[in-house]
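Participant: Dumping the structure here so I can ask a few things about it.
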Amino acid sequence: MRFDIITIFPKIFTSYFSETILHRAMEKKFIDVRIHDLRKYAEKNDAHKSVDGRLYGGGPGMILKIEPIAKALRALKIPNSKFQILNSRIIMLTPSGKRYTQRDAERLSKYKRVVLLCGRYEGFDARVDRLVDEKISIGDYVLAGGEIPAMILLETIARHIPGVVGHKDALKNETFSKDLDYKEYPQYTRPEVFYPSHLPSPLLGKEGKFKTPPLTKGRRGGVKKVWRVPKILLSGNHKKIEEWREKESGIRDQ
Ligand code: SAM
């Protein structure tokens with residue numbers, strides 16, 4: 001699957017791509033991600049490469065112009081499109097768009113190409129709406145730009161592409177996988193026992209290491225509370241573990 005991200009700040013993506021699961025996904029060619037600098041599509045004779053303009057009718061700030069965006073989309077040569085892409089989607093990132101959910105991530109992962117259009121300043125010339133297939137908001141708040149929303153879409157969509165997430169079952173029972181209220185069961189790793197009373201400094205040993213208090217929940221002197229991994233998870237009984245997980249998964253905290 002190919003992603004094209006159109007932005008005026010292409011460098012924002014550099015460290016993100018080199019550090020995350022997307023790095024491996026790109027190396028293994030599960031996904032192909034291309035970043036396009038919108039300024040490349042500014043007026044040829046404009047030394048400042050400006051892609052924004054003031055509002056007709058007055059008002060604060062600047063908005064992104066339609067021409068460079070139209071040129072950038074045309075340059076992507078998305079076949080059979082208004083730019084209209086058979087099996088592709090052009091998405092404007094905007095707080096006024098439809099709120100993004102896991103269902104959208106799954107849906108969008110079925111396309112061959114996804115184009116993500118990042119806004120800045122006060123957003124876009126309203127006519128840009130006609131160039132896109134849909135408008136998406138990542139939540140009910142306003143960020144300064146569309147680059148973080150683009151990363152969110154990219155990562156959430158990419159996770160549904162076979163091979164990107166290491167373990168094939170990882171997506172099966174995670175939060176939102178069944179419905180948008182569904183929350184995954186609690187998960188544990190080592191240590192089997194954690195002593196919360198280790199947290200305050202009086203329990204620090206002389207060498208700066210944690211002392212090991214008695215395992216018992218002694219009333220006097222000993223540790224009052226320990227946080228244990230539920231016994232069932234150590235039992236090796238996979239059927240029982242599955243039943244326990246089923247019981248412990250549930251409705252998301254609101
Ligand atoms: N004036 C715009 C409005 O009131 O809707 C807000 C513009 S915002 C400061 C600049 C850009 O950040 C937007 O064009 C969009 O690309 C991005 N952005 C900000 N919040 C977003 C959100 N919740 N979801 C998606 N994109 C967002």
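Participant: Ranked from the most accessible area to the least, with a 1.4 Å probe and all protein chains present, what is the order of SER235, SER109?
Facilitator: The ordering from most to least exposed comes out as SER235, SER109.
Participant: So how much accessible area does SER88 have, in Å² to the nearest 10, using a 1.4 Å probe?
Facilitator: Accessible area of SER88: about 0 Å².
Participant: Holding the Cα-Cα limit at 20 Å, pick out from LYS29/LYS168; LYS65/LYS98; LYS65/LYS135 the pairs that are longer than that.
Facilitator: In this structure, LYS65/LYS98 exceed 20 Å between Cα atoms.
Participant: A further question follows. With only Lys, Arg, Asp and Glu charged, each at its Cβ (+1 for the first two, -1 for the last two), find how big the charge dipole of the chain is about the Cα centre; round to the nearest 20 debye.
Facilitator: 820
Participant: Right, something else. In nm, to one decimal, how far is the modelled label at SER197 from the one at LEU143, with both set 7 Å along Cα→Cβ?
Facilitator: 4.5
Participant: Something else: Determine, from the Cβ-Cβ distance of LYS28 and ARG107 and an R0 of 25 Å, the FRET efficiency 1/(1 + (r/R0)^6), rounded to the nearest 0.05.
Facilitator: Rounded to the nearest 0.05, the efficiency is 0.60.
Participant: For the chain, what does the accessible surface come to per residue with a 1.4 Å probe? Please give it in Å².
Facilitator: In whole numbers, the chain has 65 Å² accessible per residue.
Participant: Okay, moving on. So what does the Cα-only Debye profile of the stretch 2-158 read at q = 0.21 Å⁻¹, as log10 I(q)/I(0), no solvent term?
Facilitator: Here log10 of I(q) over I(0) equals -1.54.
Participant: Residue separation times 0.36 nm, minus the C-alpha to C-alpha distance between ILE251 and LYS77: what's the value?
Facilitator: 58.2 nm
Participant: Given the whole protein assembly as supplied and a 1.4 Å probe, what does the accessible area of THR156 come to in Å², nearest 10?
Facilitator: 40
Participant: To continue, here is another question. Can you list residues from other chains, or at least 5 along the same chain, whose modelled amide H is less than 5 Å from the amide H of MET62?
Facilitator: Placed amide hydrogens put GLU122 under 5 Å from MET62.
The values are calculated or read from the model by the stated rules, or taken from the named source; none is laboratory data. Just so you know, these numbers come straight off a predicted model, no measurement behind them. Cβ atoms come from the backbone with ideal geometry, glycine included; neighbour counts cover every protein chain shown. Just so you know, the surface numbers come from the protein's heavy atoms only, side chains and all, with ligands and any DNA or RNA stripped out. Shrake-Rupley method; radii C 1.70, N 1.55, O 1.52, S 1.80 Å.
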